[in-house]
1. If you take the residues of region 65-89 that are among the β-branched types (V, I, T) and under 13 Å from the mean Cα position of the chain (by Cα), which of them is surrounded by the fewest Cβ atoms within 10 Å (Cβ to Cβ)?
2. Using beta carbons and a limit of 8 Å, which pairs, at least six apart or on different chains, have the first residue in region 130-146 and under 24 Å from P116 (Cβ atoms) and the second one of a type in the set (G, A, S) and surrounded by fewer than 18 Cβ atoms within 10 Å (Cβ to Cβ)?
3. Can you go through V90, V128 and tell me which one is at pLDDT below 95, more than 18 Å from L181 (Cα to Cα) and not in a loop (DSSP other than H, G, I, E, B)?
4. So, of the residues in region 43-64 that are at pLDDT 80 or above and not small (G, A, S), which turns out to be surrounded by the fewest Cβ atoms within 10 Å (Cβ to Cβ)?
5. Out of V135, V87, report the one residue that is of a type outside the set (S, T, Y), in contact with an Asp or Glu (Cβ under 6 Å, 6 or more places away or on another chain) and closer than 30 Å to T190 by Cβ.
6. Within region 93-125, can you find the residues that are assigned to a strand (DSSP E or B), closer than 19 Å to G147 by Cβ and more than 13 Å from the chain's Cα centre (by Cα)?
7. Among the small types (G, A, S), under 17 Å from S67 (Cβ atoms) and at pLDDT 95 or above: does that describe A141?
Amino acid sequence: MKTFICAVILLVSLWGESNAQAANPALPATEGSRISGQSFSGFSLLTQRRRTPSIGRDDVIIRAELSKRSAYVGEEVVLTYRLFTSVPIVALELLEAPLLTGFWAENVELPEDQRPERRRLEGKDYSVLPIRQQVLFPTIAGKTEIGRAQFSVAVQSRSRGPFDAFFMNVSKPIMREAGPLSLEVERLPTKGRPRDFSGVQSRG
């Protein structure tokens, strides 16, 4: 969960800095700010003063992606959840992990210093950041399903209060789901396979 919070805070920082600097390039970003015990250079305090409109369904999207559509039993498949946002995100939490029946799963620790990339999706620009990643090893053949994952997302909200310049205003958390996904799993070919080969190989 630490990686989640740090990654999202960094995304908010960069989103606020790029937008605020574009609006007023004469205002510099604050260097070396500390947020939730983590130090990030280039964090702009202007993020806290930016007002955002009502949040639409397409302002915050979380997508689940598989590195391949089919695999053999025991073959590595990477499951990645990506956050697409056009508004400042204050916090993000995984509420419900996906059901992974028929898989051996290993969590991947994402780097805290990753930088969001800009993508255009259906005519809209987003800041995009991976927020969760797992390596899956299918254990049974056939069409297997990766269940839905549910996330809670807190967004910086619009406020008309007199202290907007000093405090960050947080909206009521919104819920987002990603998935389900399906994967076609084939049995390992028996020809040329060692007798003691199980098919499942851990990264560790």
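1. Going residue by residue through region 65-89, those that are among the β-branched types (V, I, T) are 73, 77-78, 80, 85, 87, 89.
Narrowing the set further to residues that are under 13 Å from the mean Cα position of the chain (by Cα) leaves 80, 85, 89.
Details: T80: 16, T85: 23, I89: 21.
Among those that are among the β-branched types (V, I, T) and under 13 Å from the mean Cα position of the chain (by Cα), it is T80.
2. Final answer for the pair search is Q134/A105; V135/A105.
3. Working: V128 fails: at pLDDT below 95.
Of V90, V128, the one residue that is at pLDDT below 95, more than 18 Å from L181 (Cα to Cα) and not in a loop (DSSP other than H, G, I, E, B) is V90.
4. The initial filter retains those residues of region 43-64 that are at pLDDT 80 or above, namely 55-64.
Those left that are additionally not small (G, A, S): 55, 57-63.
On the way: I55: 19, R57: 8, D58: 13, D59: 18, V60: 20, I61: 19, I62: 20, R63: 14.
The extreme case among them is R57.
5. Values: V87 fails: closer than 30 Å to T190 by Cβ.
Exactly one of V135, V87 is of a type outside the set (S, T, Y), in contact with an Asp or Glu (Cβ under 6 Å, 6 or more places away or on another chain) and closer than 30 Å to T190 by Cβ, namely V135.
6. First, the residues of region 93-125 that are assigned to a strand (DSSP E or B): 93-96, 103-107, 117-121, 124-125.
Cutting the leftovers down to closer than 19 Å to G147 by Cβ gives us 93-96, 103-107.
The answer is L95, E96, F103, W104, A105, E106, N107.
7. On the way: among the small types (G, A, S): yes; under 17 Å from S67 (Cβ atoms): no; at pLDDT 95 or above: yes.
No.
The values are calculated or read from the model by the stated rules, or taken from the named source; none is laboratory data. Note that this is a predicted model, so its numbers are computed, not measured. Note that each Cβ is placed from the backbone with ideal geometry, even for glycine, and that neighbours are counted across all protein chains shown.
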